[in-house]
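Notes follow once the structure below has been shown.
Laboratory data are not the source of any read-out in this text; all were calculated from the coordinates shown. Since this is a predicted model, take the numbers as computed values, not measurements. Cβ coordinates were reconstructed from backbone atoms using ideal geometry, including for glycine residues, and neighbour counts include every protein chain displayed.
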Number of protein chains: 2
Amino acid sequence: MSNCNTMDIEAMAVKFKALSTPVRLKIFMELTQCCSPGASCDVERCIGDLASLVDIAPSTLSHHMKALNEAGLVDMQRDGKRILCSVNTKVLKQLSGYFNI
Amino acid sequence: MSNCNTMDIEAMAVKFKALSTPVRLKIFMELTQCCSPGASCDVERCIGDLASLVDIAPSTLSHHMKALNEAGLVDMQRDGKRILCSVNTKVLKQLSGYFNI
DNA sequence: AATACACTTCGATACATGTCGAACTGTAAC
DNA sequence: GTTACAGTTCGACATGTATCGAAGTGTATT
């Protein structure tokens with residue numbers, strides 16, 4: 001019933017930490033915009049594509065994408081030279097329901 | 001339509017930063033548990049009361065409560081010797097709807 | 001093999017953050 | 001006024017984080 005057991009709190013805090021900077025939040029929300037309501041989300045964007053959203057060095061973007069991936073928010077996989085990123089829809093649902101009142 | 005304008009992103013990142021540690025997230029979620037669905041949330045807890053949820057020094061708790069308050073997540077007001085805290089229900093609604101897919 | 005592109009890792013820098021104990025402040029009780 | 005309680009601020013310490021350029025790595029093209 002309650003959302004708040006210890007494991008949940010720590011796991012969720014990790015996710016909110018990953019979303020606590022404008023850079024990562026913007027990227028994450030951009031990837032979620034690809035998800036139409038009720039549909040499975042399988043639209044992917046490559047990292048170079050996402051770079052256009054933010055005004056930071058490629059190395060910094062790489063750090064941020066790694067942080068989102070390590071927090072479980074974003075999936076990444078190589079497609080030739082490029083790396084494709086997509087929202088982890090399971091985690092997105094988890095976030096979506098977390099503050100339900 | 002889109003959740004993601006610049007002001008929104010920065011303002012939300014501030015809130016997620018405030019919720020990015022287990023201590024503050026736990027306190028915030030504890031305060032939200034006082035909110036029944038559909039009802040206005042006017043249950044308040046004093047800081048000493050919240051202290052029982054976490055195993056940190058009173059000074060550290062004070063820092064965390066200040067962070068939650070400055071992020072706009074929690075309202076605080078003095079009631080005699082004690083300080084009463086409650087969730088900002090407007091912001092809670094904002095968080096609740098933010099990841100809607 | 002050499003070259004190009006996409007992205008990552010390294011190392012450095014500057015700043016931010018979470019913790020504590022001691023000292024302080026605001027309110028209440030006597 | 002003094003004492004007690006509830007909570008805050010100060011200062012210090014240790015660790016974490018965001019940024020960058022340079023160097024490196026993986027894949028594709030020639």
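Quick one: net charge of B:Glu70's neighbours, Cβ under 12 Å, K/R +1, D/E -1?
Charge balance in the 12 Å sphere: +3.
Sort out for me the Cα centre separation of the range B:17-31 from the range A:78-97, rounded to whole Å.
25 Å
Ordered by residue, what ³J(HN,Hα) values in Hz, to whole numbers, does the range A:50-59 give under the Karplus form 6.51 cos²θ - 1.76 cosθ + 1.60, where θ = phi - 60° and Gly and Pro are x?
Whole-Hz 3J(HN,Hα) from phi for the range A:50-59: 5, 4, 5, 7, 10, 10, 9, 5, x, 5.
Say a label goes 7 Å from Cα toward Cβ at A:Asp55 in every copy; what distances in nm does this one have to the rest, shortest first?
4.6
Suppose R0 equals 25 Å. What FRET efficiency, 1/(1 + (r/R0)^6) with r the Cβ-Cβ distance, do A:Arg82 and A:Asp55 give to the nearest 0.05?
The formula returns an efficiency of 0.75 here.
Suppose each label sits 7 Å from its Cα in the direction of the beta carbon; what would the A:His63-A:Met7 distance come out to in nanometres?
3.2 nm
Amide H neighbours of A:Leu84 under 5 Å, counting only residues 5+ apart in sequence or on other chains, H built in-plane at 1.01 Å?
Those lying under 5 Å, H to H, from A:Leu84 are A:Gln77, A:Arg78, A:Asp79.
Using the C-alpha gyration tensor of the range A:6-98, what are the square roots of 5 times its eigenvalues, in whole angstrom, with the largest one first?
Equivalent-ellipsoid dimensions as semi-axes: 21, 16, 12 Å.
Please give the peptides A:59-72, B:63-76, B:18-31, A:11-24 ranked by average Cβ packing (other Cβ atoms within 10 Å per residue), highest first, as a rough proxy for protection.
Per-residue mean Cβ counts within 10 Å order the peptides as B:18-31, A:11-24, B:63-76, A:59-72.
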